[in-house]
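A short write-up of the structure that comes next.
All of the numbers you see were taken from the coordinates with simple rules; none came from a lab. Bear in mind that the values here come from a model prediction, so they are computed numbers and not experimental data. Cβ placement follows ideal geometry from the backbone for every residue including glycine, while neighbour counts extend to all protein chains displayed.
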Amino acid sequence: MIVQEVYINEDKYPELLKEIKEPPNPLYYVGNLELIHRRCVAVVGSRTANEYGRNIARKLGARLAQCGVTVISGMARGIDTCAHLGALEEGAGAPGNTAAVLGCGADICYPASNRRLRDEIGRRGLLLSEYPPGTAPARYRFPRRNRIISGLAEATVVVQAPNSSGALITAELAAEQGRTVYAVPGPINSAYHLGSNKLLRDGAVPLVVLEDLISEMGFEICETGYDEKNLGRDEKKVVELLRGHGEMTQDQVCGALGKPASFVSGILTILEIKGVICTSMGKIFIAK
């Protein structure tokens, strides 16, 4: 991959980034720089997210990409990875709408386990760094790069964050930069959500329905639609169940299919990304 650079006095340097404290100059990149000249939303959260958090991040990344919004994150394990993957989904209307801001050189893969994701983002999306090629990852570089993640975005969404999560730094920086901060609510007795719930207490906008973010930010609404012929066998079974029952809980779907929750959750996530189903208050419906 060829690492290029853009300077703050050039027209192709992102305007929003010029507004932050200590804007990176130059900004090193691999891929399609046009992606950060579109409307952008940062999606961040814990590296040790649970299944609920990972599913929400993937759904959110896919839906934003479908609406032509660039998903900004940091390519860390957990929420970041899932947000990038959602934006890269083949089923998404605009695959490739994602940019990863790295805490190392743009030619370095960190974490190493994300090499396939890193290569895919470099090929179809955008890799960014303030550090020259060859710069190794270091602990202090990751909190510092968070100002770029929030600085590129009109809004930052914290999907799931414990009390010590670096995502809380990103949220604080976003607020200081005058950008909107959203947080996904979680159980008050869950350590996974303690940090993100505190953001809600302190004034973050609750993201209860994914479409609220699309409408509140004024993003172009993209109808998802689907061709039933392209659904997999298990996906069709779920659709048939919902048509027969009108609405179901995930536990009811598991019982009807005789499949574990981990399997059914994956199918439901794919169907929601494709726009086939929607969920509300623990109930699953066929999308209208």
* Keeping to pairs on different chains or 8 or more places apart, tell me how many lysine pairs in the chain have Cα atoms under 16 Å apart. => 8
* Compactness index (Cα Rg / 2.2 N^0.38 Å), the range 66-191 -> 1.03
* Asked: Taking neighbour Cβ counts within 10 Å as the exposure measure, how do Glu176, Glu15 sort from fewest upward?
  -> Glu15, Glu176
* Asked: Share of antiparallel DSSP beta bridges in the chain, in percent to the nearest 5?
  -> 40
* Asked: Which of these, Asn146, Asn97, Asn163, has the largest mean-square fluctuation under a Gaussian network model of the chain (Cα springs below 10 Å)?
  -> Asn163
* To do: Could you list the square roots of 5 times each eigenvalue of the Cα gyration tensor of the range 130-226, that is, the equivalent ellipsoid semi-axes, sorted largest first and rounded to whole Å?
  => 25, 20, 13
* Using every alpha carbon pair in the range 71-140, what percent of pairs falls into each 10 Å bin from 0 up to the bin containing the largest distance? -> 23, 57, 18, 2
* Structure fact -> Exposure-ranked with fewest Cβ neighbours within 10 Å first, Lys59, Lys283 stand as Lys283, Lys59
* GNM on the chain, C-alpha springs below 10 Å: top fluctuator among Gly232, Gly195, Gly151? -> Gly232
* Take every Cα-Cα pair in the range 22-74 and report what % of them are more than 15 Å apart. => 58
* Asked: Just Ala106, Ala261, Ala57 to compare: in a GNM of the chain, with alpha carbon springs under 10 Å, which one fluctuates most?
  -> Ala261
* To do: Work out how far the C-alpha atoms of the range 1-147 reach from end to end along every principal axis, then list the three figures in whole Å, largest first.
  => 40, 31, 29
* May I ask you to sort Met1, Met217, Met248 by Cβ crowding, counting other Cβ atoms within 10 Å and putting the fewest first? => Met1, Met217, Met248
* Under 5 Å, built H, 5+ apart or other chain: amide partners of Val157 -> Ala42, Val43, Val44, Tyr182
